[in-house]
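Working notes, structure below.
The values are calculated or read from the model by the stated rules, or taken from the named source; none is laboratory data. As the structure is a prediction and not an experimental result, all values here were calculated from the model. Neighbour counts are summed over all protein chains in view; Cβ atoms, including those assigned to glycine, are modelled from backbone coordinates with ideal geometry. The accessibility values were calculated without ligands, DNA or RNA, using every heavy atom of the protein model including side chains. Shrake-Rupley method; radii C 1.70, N 1.55, O 1.52, S 1.80 Å.
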Amino acid sequence: CTGMSRVYVMADKSTLLKVILLGDGGVGKSSLMNRYVSNKFDTHLFHTIGVEFLNKELEVDGRRVTLQIWDTAGQERFRSLRTPFYRGSDCCLLTFSVDDSQSFLNLNLWRKEFVYYADVKEPESFPFVILGNKIDVSGRQVAKEEAQRWCCENGGHPYFETSAKDATNIVEAFEEVARRVIASDDKQEPLLSTHTVELRRKSRSDPSCC
Amino acid sequence: MKINVLHTGVVFFCESAVVLADSINVFFLYDCSKVQEECDLTRAGICYFYPEDTPLEHQELLCGQLAGVSRCVSELSCSPVHLLRLRKSKYAVRMRDTFLWVLSCVSEVPDISVCEFLDHLIGLFCFYNGPVQQSYQLHSQGELALHWARYISHLQGGSTELHHIFSCLETIRSTRIDPLLLLKSALILQACQRCPLVLAGCLLYQGRVLSTQMCPELTRKVMVNETETYSQEDRLQAHGVCWSGATPPSNTVTTPVFLTSSEVNTLRCHPVDNSCRFHCSSQPPDQPKKTPLLSRTLSDIANTDLDPAELEHALCPPAHYQTHSSPHSSLSDEESFSLCPSTASTPLHLTVTSQSEGSPSESHDHILPNGTLLYKAIESSMFEGGSPVRSEGERNTAEVVAVSAISNGLESGQDSPPQHDGEGEGTKEMEVRGGVKEEMREGGRSGDCRSPSGGTLDCLLLYQHRVGSLVLAVLVEPHFNTDASAKEDVYFSCLASLNGLEAHLRTTSSQPPPAQGPYIYTHYDCVQNTLTTNVSEHSSSSQDSFVKATALLHSDFSLKDTLQEAIVRNASCAVYATRTKAQETYFLQQGTSARNSGIPNVQDTAFSLPGKARQRLLKHGVNLL
């Protein structure tokens with residue numbers, strides 16, 4: 001049951017949500033994470049090797065949650081290191097760079113890889129969020145409409161255009177991620193944990209965000 | 001029992017394995033300045049005595065006798081005493097100023113291991129507490145006793161018997177983890193160095209070295225603190241700790257540590273790519289820069305007893321070995337990947353690279369016209385005996401003086417028959433090793449033990465960041481603690497990577513170890529001070545024999561400079577050993593039919609061992625060809 005992964009409850013009663021950033025190497029996954037969590041941008045980042053993660057606490061619609069953001073290596077050679085960590089993800093952020101059309105075309109492959117290794121039972125209802133990064137860069141190759149169309153055709157996923165460098169749309173994107181997870185949690189079957197049942201009841205009263 | 005040493009070096013040995021960890025009988029620190037007059041009580045000079053529950057009369061007896069004997073022998077021979085060997089035990093001795101340190105082990109323990117053990121113990125104390133004399137002025141004996149006890153228990157516990165024999169670093173078993181993770185750890189350390197206040201660091205996992213930028217000696221010292229905290233906190237699974245920004249992270253800690261000025265100079269000389277430094281970190285104007293040597297004044301040089309070699313080395317810093325952080329991060333995949341195999345092959349790659357590029361070990365030792373021998377601090381050999389890194393020049397100056405002496409009352413309850421052990425006949429034998437060279441050596445090299453009078457140790461900070469069982473330990477400039485932005489930079493530059501690395505290692509370490517082949521081997525790298533072995537944690541009779549034989553052979557290698565290959569054996573097994581200046585390798589073939597008549601014979605299976613070792617060990621990356 002994928003919902004069980006969310007039943008890690010931290011001591012302070014905030015729910016831990018595991019979200020994972022996937023996408024080609026060099027599209028800015030690490031920069032997105034760093035910008036969101038520590039509000040820093042580093043031009044000298046090396047390739048991520050394997051996986052890395054940071055936690056960030058936030059409050060969405062009156063609910064305290066902790067996003068555990070997993071950043072992954074985009075290069076093919078690191079595949080065996082990253083794939084074991086897909087399991088248990090509550091949301092997947094498929095990332096591409098708007099100045100690299102190939103990274104956009106590869107979104108399908110990334111989605112497939114995630115669904116396979118995370119062992120997602122119902123891929124149609126799994127919360128994906130699509131991020132088009134590097135909008136600060138000139139020489140754009142992927143039009144906004146093109147990306148929105150892809151999101152629509154592939155399950156109606158939300159799409160954000162971001163810039164980790166300029167901190168554009170980062171907070172909005174991750175907050176949407178948290179809302180998506182909470183919302184999809186509501187659709188899950190009742191869980192055994194009483195704590196989780198309580199969350200369900202609470203979130204039902206929240207206005208739907210999508 | 002050794003009965004014969006042939007020219008080819010076939011030696012027979014007895015079965016009883018000795019566990020060094022259990023064989024520390026006595027350790028004490030004695031201040032001779034407190035006992036000058038006839039009326040002064042010996043107990044006034046005892047700063048620390050282990051085991052602490054020893055009756056005071058016994059403590060006084062031993063301290064008094066050994067202090068007297070050591071002084072007498074060193075005055076007679078005009079050289080400090082290093083090792084007093086009695087029938088059943090031996091005493092490693094260090095004398096600095098008015099202080100006397102003595103560590104005793106049973107006699108089966110290799111001389112070199114006892115001496116290294118003592119040197120390391122003293123080095124640890126000075127590293128965490130500063131000069132001995134100053135420490136005892138500032139703190140009570142009771143407080144410092146806790147520290148001594150802690151270091152002793154650290155040295156006794158944890159590592160395997162083999163690690164005790166070689167006094168080497170415990171490294172992670174690199175065969176069990178993905179080489180890419182070793183690259184990842186090296187990159188984490190380099191990322192920290194982007195802060196100008198960070199000198200060098202190491203990564204430790206479950207008390208073992210994963211990657212280090214420091215020389216083996218410093219790494220070993222840093223590990224004590226870590227092992228301590230690991231054993232206390234391993235129940236806390238604190239990975240992925242939140243830091244919302246304002247509050248300082250609770251999983252980091254800084255500790256003041258003391259290094260010799262030459263050690264500090266070496267650290268500050270480390271090549272670091274400045275082009276991608278953090279911009280916000282400030283450096284006080286009086287602080288030596290990371291590319292420091294051009295800005296250093298003459299008076300600076302005079303203050304720090306740099307030897308000519310060091311100076312030369314310093315003025316021509318080694319080529320950058322930093323690989324990742326080129327200012328143009330558009331490094332292609334192929335380029336970056338090509339870094340992996342070499343880095344991956346050893347967890348300590350960076351140390352080796354920096355040493356071999358910048359300062360080959362031969363160039364460390366310089367004999368000046370007046371015969372003084374100078375050393376660089378980075379060198380890993382300990383004071384006495386056996387480390388093949390030593391230069392020939394030093395060996396020639398080494399003197400071994402054997403003095404017979406009567407040791408009344410030093411050993412209680414000894415009534416076993418005399419032992420013949422190869423080089424020392426006679427029951428009560430006292431060996432004094434070392435000599436003038438020791439004092440010379442201390443002048444130039446790290447000298448963990450000199451500096452009891454203070455003044456020569458510089459204070460740095462040890463910054464530690466823990467994520468679960470993974471610890472990042474870096475040596476930083478003293479004002480790191482007051483530089484909030486530097487702290488934040490270092491913390492955030494590695495937090496995510498540490499989290500990830502810990503997650504990777506956690507999943508890796510749960511895998512079972514690979515099956516041991518039909519042979520046992522141990523490969524000791526003298527430069528990096530590390531060990532590669534397939535000896536498992538579970539004890540077996542052939543393994544015990546192997547360890548015992550290894551101890552014997554390592555001891556022989558340390559005593560006999562020209563010995564390169566040897567085979568030792570008993571009725572059931574034979575162990576082959578070979579060494580070069582840089583490494584020692586030990587090999588035991590299991591399951592061979594015993595055709596050991598005891599008399600040298602070409603049919604003897606023992607003589608096929610060298611060939612087997614060459615063939616078998618190739619796949620472990622050990623090239624004996």
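Per the conditions (1) under 21 Å from A:PHE174 (Cα atoms); (2) within 12 Å of another protein chain (Cβ to nearest Cβ), the sole criterion not satisfied by A:THR43 is (1). How many of the residues in region A:45-85 are crowded, with 19+ Cβ neighbours inside 10 Å, among the charged types (D, E, K, R) and on the phi > 0 side of the Ramachandran plot? Within region A:45-85, residues that are crowded, with 19+ Cβ neighbours inside 10 Å, among the charged types (D, E, K, R) and on the phi > 0 side of the Ramachandran plot number 0. Of all the criteria given as (1) without any contact (Cβ under 8 Å) to a residue 40 or more places away in the chain; (2) surrounded by 21 or more Cβ atoms within 10 Å (Cβ to Cβ), the one not satisfied by A:CYS92 is (1).
Do we find that B:CYS215 is more than 14 Å from chain A (Cβ to nearest Cβ) and within 30 Å of B:ALA484 (Cα to Cα) in this structure? Judged against the criteria, B:CYS215 is a match. Of the helices (runs of 4 or more DSSP H) that lie entirely inside region B:119-203, those containing 1 or more residues that are within 14 Å of chain A (Cβ to nearest Cβ) and closer than 30 Å to B:SER536 by Cα span B:179-192. The lone criterion from (1) within 10 Å of another protein chain (Cβ to nearest Cβ); (2) in a helix (DSSP H, G or I); (3) not aliphatic (A, V, I, L, M) left unmet by A:GLY25 is number (2). Quickly run through region B:48-61 and pick out the residues that are more than 20 Å from B:CYS115 (Cα to Cα) and open to solvent by less than 50 Å² (accessible area, probe 1.4 Å). The answer is B:THR54, B:GLN59, B:GLU60. For region A:24-64, the set of residues classified as within 14 Å of A:LEU93 (Cβ to Cβ) and among the basic types (Lys, Arg) consists of A:LYS29, A:ARG35, A:LYS56, listed by residue number.
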